[in-house]
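Here is the structure we will look at.
Just so it is clear, none of the values below were taken in a lab; they were calculated from the coordinates. Values in this document were obtained by computation on a predicted structure and should not be read as measured data. Counting neighbours? That spans all protein chains shown, and the Cβs are built from the backbone with ideal geometry, glycine included.
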């Protein structure tokens, strides 16, 4: 099983989803940002963890519903088996007519040390979810119980979520703009590169706020900006 | 005319839309949650009331517009006739290109003791609506005057709103997740059942937060959990 | 180049997008409110300025991307040339899969005295944008770099944005409900009319809150309401 | 009840939906063409008749379904009561997940001398409908029985269909491009005007095919074209 | 492995998707018709077979593309392993931006005796597919090669297609209206019931065409109609 | 101005849009097929020509409409100036609520020797367009006159159409599946490569129909298949 290096996790917690998608794009990845998936709350904590996946297909009256026993009980199993430090990523086919999970399931993930939950469907019990403190991402809040629309079929297969492929063990990152998927085998270098970019962006943001023109500063960086950045770093101990 | 029992109203004000849709599902109702309709503000007060309905059809140049007298004046009539304690539910065909209502109309509903307003279209004057304090639900804010898109045709007929059938006299419930429709003839038992479930959920939320596994606690409840719940209730005077 | 009179700007800063779309509708304009474009933050400052436009078309691998030099560099040019007091309006074809701009570009607009940014696509770096303080409107937050989806082709041509025609020099107004386009040649009279309406609405809001029925007060105003309004204005020095 | 003059019906059967929407637009009507509604077959006969309307709202388990008696039986009633020469126009809220009608209902309309059926939802039994020969318009074919999604509530009220307002007694026209609504009180003049336009268009089509430039011919008509048209009409006995 | 009885297959080839969805609805199944999936050609042969499934997730640059070896080669494997008499059902997440299959793959299915192909995405090479003669259902024609959008991950797992759950071994039926899924364990009784209904519908269609009113004939059948039907059956040898 | 070599045009007329998108994908082009744009008729002639573009923005009451003179008259100008052998490609922002063109305009293009018309909006007068014989591609038929929704602003700028970037002078190809854009500077090699592929596909189609397995034949071609193909070519004189 993949394991995230502490320094990589630390670096990721300091960067932005925009910086990450830029670094991934420079490596040829064009489709790593989940579309139409947003944080339950704008200022919830950042989310970093490895992907543990659950897959829903449409529900069917002979397979689930009030009168049918779901022996496998895949949904609660997911909540008990998603490893600590992992993010539960749910393929809900972009369908938010019924919930993918609610506050008790999400509270269990939190209690077990998981890092977050992501669905391209909906979540119920928004207030209760906020009380758990777990970073949560969805298409929108929705109240109906999941079996009206969803039937859970398996855990930890490759899935699609928000139009992006998610393999178990991928790195899942979330901030106020949304969720990014990072292939595990490049996460260390991507995190390091993005941390460096983030520090430069902090410098550039200050310069721009002071009235400095973009030319040579962003998006192309010239020698003057490089030199100024070195001075700024020393001054700020970065 | 239907009238909501005070104890039922009290019970509903303590429960969640997720609990209600669960109780309705167990009674065979699969489609009672309005899709793509959300509260104007996440933490606005809960909404409970009986449905009073207004129906829009698309506007047409020979029937409404700046140069046409709308003798019936159905829209202001709705604001004056929606009974106190009722929720005005507006069938806007899911079209938010123009507003279904604005702050003065909604202020009048509030002043007359109505319980809320719901549309599957848009509302204008978000700031003014928030000042009235009336719970308001819509697809999104939108500024254009309603006659650009909508023509009001009648009051208190059965309508569709957010993809759900609403009959005058249905019970309309809204919280931070959205809006649920409850048939009047089952609202007392549904409210009582949901209140009991809500108390159990409070207990379960505490247990989960303390690290208790889901098995036997949720969604299936075993004897141990039942016994623990009894003790918890005594301890908390519930 | 158009220039907005200070008193017109002042008037606009006191009115609402709903009042403006009403005044425009009475003049025959039915489609001046941008659809599916909302403020980054509900309580960001109002936005008033003249339109400076940028047009995106879909990106193409032989025209932009990591390995292609974009000699014209139209995007940073827009940030340097959008005149102070103007709003940068971006035609993103309603496509929010990649960002139309981010915090450094928007910070430069702010530093140069621009009045705001509007796109019918997405914006990245929400937190950084909020730090700049510039009013920003978009379809939704989105992180991916713009060249994945967008290719900037020209500045200051007439464009479509949010389903509305925007000509360079149009007046662009934004509040918590969204964005309105006002033709420059009628902005003075529209602003004056809307300011008067706004003062009446303030009076009417108070009356409604006190329990006064709508008849004669809104939307049709009778002689009694006119008289009461005159008294109210004197009393409040309006 | 409105009655269509035979000469008006005859004229309408010779014109096109494009000519009609043009004539309506010149009279200020912008929204009389049903969106996303198309003929079951490209070359089915043209449709002309007065509107008889049926309204669906979303189905609900306590109001319809396999176990509920629908005493009013509004759907078969519509098929028996839609007057000869009329078009049954069904408000299906644009929802084609279940059928608005099938071949037996539509066969009954045909047998009773009705002029057509239009829905913004779906129709089932495409082959059977084609065998009846009745002009039929829908969003798309769909097989599921209507009560899964639709509950019929009333007949002959004003409705919305395909985003257009339809009042009982409006004139409904359909050709290979789609369906147009014409207010009854202007249908005689509109039909006459469109017939004249259609004859001119026939002339212009011939001229264009022979290589004549558009200037003065279409869309603006100059004196030369008017003169040539007069000669053409004499020559062809129009 | 499930096997379809010859008489059941024969019966199914004589019925309609509308009759099937009706019979399924009476057994409690509400969601067995694939939405937004239509035949490549209106008059292609009917399709009956057991489901063999393939699942796509979104493509990703490190998993597929021109420069990546797809060792498993799941797509051609599907074409070689879908058993004779089976229908290949492809979960394309409703995404038709790139093709799910083309004429050579589909030709191989035909050559191997398969019964059809269904995708909720797109198919390429429409002309070539028509030449194979295999019944084909999709959202729409589309030319781009599948790896631009799709990555095949597994065969013969339960999937969603057109918003419907499909389990391997389900019975898949297609006619000019679309595609229906029938659980294997009820297919014999459903087919027999639908065949009987189809014969009655043939009788009813004739009666309706001759001018008989619906009352007692359809949808409710009274004693007179039953008696008339018995006579009709004898006369026609059904 | 670009000019298409006769042999390239000839080659293109023999290939398929699927083969072209494959060849473009191998060169790194992922987005050259127009989405949601289809031929007016399945079996209309193939279309090959260079792009001449027209751009619409949303209409506005002070810029177009019945009472406003459109001095520039850009639409008829496009019909007169689109060079022979060129395809008129119209950016309609994917909006088919009103027509982008009708039969007289399209007849003029045909008379002047143009190669086709493409819009991501709608076309009116389907029957008349079919009579002109010009290949025509659109989102769907639609009757309303263009100024209700569209305002033409300029000719021969780069545009977006169906989500694809189109530069004037690009090569535009259309068949029964849809429309592909080919950059001019690679069209000769792409056409030659696709012609070769098409001949191989003809061979492979025959082999598959005869029962040959896919392995080594498609999509990967092994030595045996290469040898067989050489023999087949000699035999068929290809």
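In segment F:1-91, the convex hull through the Cα atoms has an average projected area of 8.7 nm², a quarter of its surface area. Given a 10 angstrom Cα cut-off, can you work out which residue in C:48, C:180, C:221 is the most mobile in a GNM of chain C? Evaluated over chain C, the most mobile residue of the options is C:221. Each residue in E:105, B:25 was given a count of other beta-carbon atoms within 10 angstrom of its own, and listing them fewest first yields B:25, E:105.
Of all beta-carbon atoms in chain E, the one sitting closest to the axis that brings chain E onto chain D gives E:42, 6, with the distance in whole angstrom. Computed on segment A:40-135, with alpha-carbon pairs under 8 angstrom and 6+ residues apart, the relative contact order is 33 percent. Sorted shortest first, the distances from the residue C:220 label point to those of the same residue in the other copies are 4.4, 4.7, 6.6, 6.6, 8.1 nm; each point sits 7 Å from Cα along Cα-to-Cβ.
Of the residues D:186, D:74, D:159, the one that moves most in a GNM of chain D with alpha-carbon contacts below 10 Å is D:186. Normalising the average separation of contacting C-alpha pairs (under 8 angstrom, six or more residues apart) by the number of residues puts the relative contact order of chain F at 28 percent. Computed on the Cα trace of the protein assembly as shown, the radius of gyration divided by the Kirkwood hydrodynamic radius gives Rg/Rh = 0.95.
Stokes-Einstein diffusion of segment A:100-238 at 10 °C, 1.306 mPa s viscosity, Kirkwood radius from Cα pairs, rounded to a whole number: 86 µm²/s. A label point on residue A:1, set 7 Å along the Cα-to-Cβ line, lies at 3.7, 6.1, 6.1, 6.7, 7.4 nm from each of its counterparts in the other copies, closest listed first. Counting Cβ atoms of other protein chains within 10 Å of each residue's Cβ and taking the mean over peptide B:168-180 gives 3. The ratio of the alpha-carbon radius of gyration of chain F to the globular-protein estimate 2.2 N^0.38 Å is 1.14. A Gaussian network model of chain A, with springs between Cα atoms under 10 Å, assigns the largest mean-square fluctuation among A:196, A:136, A:98 to A:196. Between segment D:69-118 and segment F:170-238, the alpha-carbon centres lie 51 Å apart. Helical content of chain C, expressed as a calculated mean residue ellipticity at 222 nm, amounts to -10500 deg cm²/dmol (DSSP H runs of 4 or more residues, -39,500 (n - 2.57) each, divided by residue number, nearest 500). For segment B:172-238, the spread of Cα positions along the three principal axes, ordered from largest to smallest, is 36, 23, 21 Å.
Taking R0 as 22 Å, what's the FRET efficiency between residue D:186 and residue F:127 from their Cβ-Cβ distance, rounded to 0.05?
Working: r = 25 Å, r/R0 = 1.15.
So the FRET efficiency works out to roughly 0.30.
Peptide F:188-201 shows a mean partner chain C-beta count of 0 within 10 Å per residue C-beta.
A point 7 Å from Cα along Cα→Cβ stands in for residue E:80, and the other copies hold the same point at 4.1, 5.9, 6.3, 6.3, 7.9 nm, listed in rising order.
Using Cα atoms only, what is the angle between the long axis of helix F:187-209 and the major principal axis of chain F, expressed in degrees (0 to 90) to the nearest 10? Rounded to the nearest ten degrees, it is 60.
What's the exposure ranking of B:231, B:182, E:106, going from fewest to most Cβ atoms within 10 Å?
Values: B:231 10, B:182 24, E:106 28.
Ascending number of Cβ neighbours within 10 Å: B:231, B:182, E:106.
Each of F:32, F:1, C:54 was scored by other Cβ atoms within 10 Å of its Cβ. Arranged with the fewest first, they read F:1, F:32, C:54.
Report the relative contact order of segment E:6-94, percent, no decimals, based on alpha-carbon pairs under 8 angstrom and at least 6 residues apart.
On the way: 51 pairs, mean separation 30.0, N = 89.
Relative contact order of segment E:6-94: 34 percent.
Distance between the 7 Å Cα→Cβ label points at residue F:1 and residue C:26: 5.2 nm. Among the residues of E:203-213, the average count of other protein chain beta-carbon atoms within 10 Å of the residue beta-carbon is 4.
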